[in-house]
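Below is one structure, written out as structure tokens; comments come after it.
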Amino acid sequence: MAGGERDPDLPADRPASLPAGRPSGLIGKEIAGYLLESEIGRGGMAVVYRARDLRLDRTVALKLLAPELARNDTFRKRFAHESRVAASIDHPHIVPVFDAGETEGILYIAMRYVAGQDLVALLSREGPLPPATAGRIAAQVASALDAAHAHDLVHRDVKPGNILVAEGTDRDHPEHVYLTDFGLTKKSLSLTGFTTVGEFVGTLDYVAPEQISGKPVDGRCDVYSLACVVFETLVGAPPFHRETDWAVLWAQQYDPPPPLSEVRPGLPEAADAVFARALSKSPEERYGTCLEFVAALRSALAEPGTGTGTGGEVLTTGTRPPGPPPAPPAWARPVFREL
Ligand SMILES: Nc1ncnc2c1ncn2[C@@H]1O[C@H](COP(=O)(O)OP(=O)(O)O)[C@@H](O)[C@H]1O
Ligand SMILES: [Mg+2]
């Protein structure tokens, strides 16, 4: 695309963050042989539409890079990278990519339309999930992540918004889960950090300590993020939920996770040790694979619970000792750069 050229169909005042509720102006338009039918989601980088593939006459999910970001080379590269990474892994729990390209300055990825909802929507509708359901969802995400790791790829953005839950095949498999959004995926042991524009758009609730401090990352940072997500599916809030981004960054680096059995009385204490290990500050102390973590968790959750609670309570406990909180360290500063 030529520099900052704008598609004439797009509203001139459209902000980079594409806030929800704004009519996109693209519904009913055809892009690269896909007829846009409705908007189904948006994240930090893109808007996702349900669309009709006019060549094959089927429904697809069409992900379009936000028009403002399409002028930014970093985002363009990341978006193109995402389509290649996602397409390179053939796995039942990774959304298959059908097609990707650029037309009239719009970058797109066409992929399987997942009829369902992401985990953010599911949790806000259902609240904390029964342990068996949480375990099934965790196992499917874990197998997708371990497959990515086997390709020497680290997802680096495991969070509820990137986990799609569709209806399963039968009573034994009530849900089918897909991991999506490979936009931040990197080769194992590559350096991460905050220097890339937009790296941490959105929530910090699932970011591993080594990602925050800019150390090399490998698959164990996904183990950590997955553990944050699974914790949330069980209690309704991630383990290091705090009032401000500064406090979340601090907690991810220095606070111990609250024991699961205290946050949701009734869950077995055996699960506390599993989360303590998966959420270790040091990657060496975590489980070696995501499935190892989930297997340990599911067997801990199968043990009898200790308390008498119904397990439905949602409490968020802070673990900070009394007294004023320490000043946030200097390394955290560039995180809040605006797009
Ligand atoms: N294949 C799909 N089928 C259905 N919905 C999807 C699909 N891919 C993404 N979504 C929805 O769109 C949202 C944003 O997609 P995502 O790929 O995470 O974009 P971003 O890179 O902007 O975060 C997701 O949270 C999900 O709700
Ligand atoms: Mg996303």
Exercise. Of all the C-alpha pairs in region 104-180, what % are more than 20 Å from each other?
Worked result: 37 percent
Problem set entry | Amide proton proximity set for Phe98, modelled H, under 5 Å, gap of 5+ | Ala110, Met111, Arg112
For this session: Compute the signed sum of charges (Lys and Arg +1, Asp and Glu -1) over the other residues within less than 11 Å, Cβ to Cβ, of Arg286.
Result: -3
Exercise. Efficiency by 1/(1 + (r/R0)^6): what FRET value for Ser282 and Leu56, r their Cβ-Cβ distance, R0 = 41 Å, to the nearest 0.05?
Worked result: 0.25
Exercise. Probe 1.4 Å, all protein chains in place: accessible area of Arg242 in Å², nearest 10?
Worked result: 40 Å²
For this session: Using the Kirkwood radius over Cα pairs, work out the Stokes-Einstein diffusion coefficient for region 238-288 at 20 °C and 1.002 mPa s, in µm²/s as a whole number.
Result: 183 µm²/s
Seminar exercise, completed: Using alpha-carbon positions, the gyration tensor of region 60-118 gives root eigenvalues a ≥ b ≥ c; with a/c under 1.5 called rounded, otherwise prolate if a/b exceeds b/c, else oblate, the class is prolate
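The values are calculated or read from the model by the stated rules, or taken from the named source; none is laboratory data. On a predicted model such as this, the values are computed, not experimentally measured, just so you know. So basically every Cβ, Gly included, is an ideal-geometry build from the backbone, and we count neighbours across all protein chains shown. Protein only, heavy atoms only, side chains kept; ligands, DNA and RNA dropped before computing areas. Shrake-Rupley method; radii C 1.70, N 1.55, O 1.52, S 1.80 Å.
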